[in-house]
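S.K.: Handing you a structure now.
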Amino acid sequence: MTHSGQGLPSDVLQDMFEGGNQWNTQEGLGLYMSRKILSRMSGHVHYVREQNKCYFLIDLEIRTRKERQKNLRAESMLS
């Protein structure tokens, strides 16, 4: 999904990527929490601002049930 506006305000982006224990906006807090959840799932979120649009790019590897079962079998053989 893209947005054709000027992008997110700098304080929202600061909250998202630098958050810590203090936030300037509720939106920034929500984005910070989303980024942390993705991070725990070995994913990443990037904010991209181009000339006429902005968007979030999310990298997340999702394993299928078959892949999980295959990995479990491989791990049990090593034990």
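S.K.: So in the range 15-25, with the set limited to residues that are assigned to a helix (DSSP H, G or I) and buried (at least 16 other Cβ atoms within 10 Å of the Cβ), which one is nearest to the chain's Cα centre (by Cα)? Spell out the reasoning first.
M.R.: Filtering the range 15-25 down to residues assigned to a helix (DSSP H, G or I) leaves 15-18.
Then drop every residue that is not buried (at least 16 other Cβ atoms within 10 Å of the Cβ), which leaves 15-16.
Working: Asp15: 14, Met16: 10 Å.
In this case the residue turns out to be Met16.
S.K.: Can you tell me which residues in the range 14-42 are within 18 Å of Leu57 (Cβ to Cβ) and among the aromatic types (Phe, Trp, Tyr)?
M.R.: The answer is Phe17, Tyr32.
S.K.: Sticking with this structure for a sec: With respect to the numbered conditions (1) surrounded by fewer than 14 Cβ atoms within 10 Å (Cβ to Cβ); (2) assigned to a helix (DSSP H, G or I); (3) in contact with a strand residue (DSSP E or B) (Cβ under 6 Å, 6 or more places away or on another chain), which one is the sole condition not fulfilled by Asp11?
M.R.: Just one mismatch for Asp11, condition (3).
S.K.: Are there any pairs, at least 6 apart or on different chains, whose C-beta atoms fall under 7 Å, with the first in the range 31-47 and at positive phi and the second loosely packed, with under 12 Cβ neighbours inside 10 Å and not small (Gly, Ala, Ser), and if so, which?
M.R.: Ser42/Glu61
S.K.: For the range 13-68, enumerate the residues that are at pLDDT 85 or above and β-branched (Val, Ile, Thr).
M.R.: Ile37, Val45, Val48, Ile58
S.K.: If a residue must be surrounded by fewer than 12 Cβ atoms within 10 Å (Cβ to Cβ) and not in a strand (DSSP E or B), how many such residues does the range 37-79 contain?
M.R.: 27
S.K.: Now a separate question. Filter the range 40-79 down to residues that are under 22 Å from the mean Cα position of the chain (by Cα), more than 23 Å from Pro9 (Cα to Cα) and not charged (D, E, K, R), then give me how many there are.
M.R.: So the answer is 6.
S.K.: Among the residues of the range 26-35, which ones are of a type in the set (S, T, N, Q) and either in contact with a Lys or Arg (Cβ under 7 Å, 6 or more places away or on another chain) or loosely packed, with under 14 Cβ neighbours inside 10 Å (or both)? Full working, then the answer.
M.R.: Residues of the range 26-35 that are of a type in the set (S, T, N, Q), as a first pass: 26, 34.
Result: Gln26, single match.
The values are calculated or read from the model by the stated rules, or taken from the named source; none is laboratory data. Bear in mind that the values here come from a model prediction, so they are computed numbers and not experimental data. Don't worry about glycine lacking a Cβ; one is built from the backbone with ideal geometry, like all the others, and counts go over all protein chains shown.
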